[in-house]
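S.K.: Below: one structure in structure tokens.
The values are calculated or read from the model by the stated rules, or taken from the named source; none is laboratory data. Model, not experiment: these values are computed from the prediction. Here Cβ is always computed from backbone atoms with ideal geometry, including for glycine, and neighbour counts include all displayed protein chains.
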Amino acid sequence: DAKTTQPNSMESNEEEPVHLPCNHSTISGTDYIHWYRQLPSQGPEYVIHGLTSNVNNRMASLAIAEDRKSSTLILHRATLRDAAVYYCIPYGGSQGNLIFGKGTKLSVKP
Amino acid sequence: DAGVIQSPRHEVTEMGQEVTLRCKPISGHNSLFWYRQTMMRGLELLIYFNNNVPIDDSGMPEDRFSAKMPNASFSTLKIQPSEPRDSAVYFCASSHTGGGYGYTFGSGTRLTVV
């Protein structure tokens, strides 16, 4: 299984950008990089995924290193609603299903 | 789209009783997953189905746990007999098959066994 390393926690100020890092140095060449988040008392929520190129959607941007050993989830303007645990998960090629680690707990200050 | 629907939202039962959790996946999704979340162990994959067939049940903790998917629109997770250590939030998720697709999770069932 590809191992991931994320900071246990991060803090951000409201309306400022947030960069959430993830190291996945043992990722398989066929694994996508998925990001999910879990708000308090809710189920996990899909955020974004990518394979090699950077990706943007309405929720966030995903920047993938050229060697694919790391990636960064970017929230362009954090809101209080973005306070959650964020999970980075390699998935799809060698890993047949989503395996959740501990993730990064993001706190957003008003 | 109503999303993944789980029932009940909350269940309180006595030790030794049978508990059945239900899940309706998103129409058209051919993979279904059952997860359990506790403070101590985080989110754990229990079992997943592809095209209604169980593919990997290695995460099912004991023989007391069983899961079925009789058709593409319904799955159950049963615990018989239940024990206090089974208390957790149980999530169901569905997706198209493959790494290029994201999972959609339900709101979960909070199970308390007293």
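S.K.: Are any residues in the stretch A:5-53 under 17 Å from residue A:78 (Cα atoms) and over 12 Å from the mean Cα position of the chain (by Cα), and if so, which ones?
M.R.: A:9, A:10, A:11, A:12, A:13, A:14, A:15, A:16, A:17, A:39, A:40
S.K.: Related question: Whether any residue in the stretch A:53-62 is modelled with pLDDT of 95 or more and of a type in the set (D, E, K, R) is what I want to check.
M.R.: No, that holds for no residue.
S.K.: Of the residues that make up the stretch A:51-60, is at least one surrounded by fewer than 19 Cβ atoms within 10 Å (Cβ to Cβ) and within 30 Å of residue B:56 (Cα to Cα)? Outline the logic, then answer.
M.R.: So in the stretch A:51-60, the residues surrounded by fewer than 19 Cβ atoms within 10 Å (Cβ to Cβ) come out as A:51-59.
Adding the requirement that they be within 30 Å of residue B:56 (Cα to Cα) leaves A:51-52.
Looking for residues that are surrounded by fewer than 19 Cβ atoms within 10 Å (Cβ to Cβ) and within 30 Å of residue B:56 (Cα to Cα), one finds at least one in the stretch A:51-60, hence yes.
S.K.: I need every pair where a residue in the stretch A:1-15 that is closer than 15 Å to residue A:101 by Cβ has its Cβ under 6 Å from the Cβ of a residue that is at pLDDT 95 or above and basic (Lys, Arg), sequence separation at least 6 or different chains.
M.R.: Partner pairs satisfying both residue conditions: A:9/A:105.
S.K.: Hey, residue A:32 hits all of (1) surrounded by 15 or more Cβ atoms within 10 Å (Cβ to Cβ); (2) in contact (Cβ under 8 Å) with a residue 24 or more places away in the chain; (3) more than 9 Å from every other protein chain (Cβ to nearest Cβ) but one; which does it fall short on?
M.R.: With (1) surrounded by 15 or more Cβ atoms within 10 Å (Cβ to Cβ); (2) in contact (Cβ under 8 Å) with a residue 24 or more places away in the chain; (3) more than 9 Å from every other protein chain (Cβ to nearest Cβ) applied to residue A:32, the lone miss is (3).
S.K.: Can you spot a residue in the stretch B:82-91 that is at the interface with chain A (Cβ under 10 Å from one of its Cβ atoms) and within 28 Å of residue A:55 (Cβ to Cβ)?
M.R.: Yes, there is a match, as at least one residue in the stretch B:82-91 is at the interface with chain A (Cβ under 10 Å from one of its Cβ atoms) and within 28 Å of residue A:55 (Cβ to Cβ).
S.K.: Let me ask something additional. Can you tell me how many residues within the stretch B:46-78 are surrounded by 18 or more Cβ atoms within 10 Å (Cβ to Cβ), touching a Phe, Trp or Tyr at 6+ places or on another chain (Cβ under 7 Å) and more than 14 Å from residue B:25 (Cβ to Cβ)?
M.R.: Residues that pass the stated criteria total 1.
S.K.: Residues that are over 17 Å from residue B:6 (Cβ atoms): list the strands (runs of 3 or more DSSP E) wholly contained in the stretch B:27-114 that include at least 3 such residues. Talk me through it step by step, then tell me what you get.
M.R.: On the way: elements: B:31-38, B:42-50, B:53-56, B:65-71, B:74-79, B:88-95, B:109-113.
Correct list: B:53-56.
S.K.: Checking residue B:66 against (1) among the small types (Gly, Ala, Ser); (2) in contact (Cβ under 8 Å) with a residue 24 or more places away in the chain; (3) more than 13 Å from chain A (Cβ to nearest Cβ); (4) touching a strand residue (DSSP E or B) at 6+ places or on another chain (Cβ under 6 Å), only one condition comes out false. Which one?
M.R.: Single failed check for residue B:66: (2).
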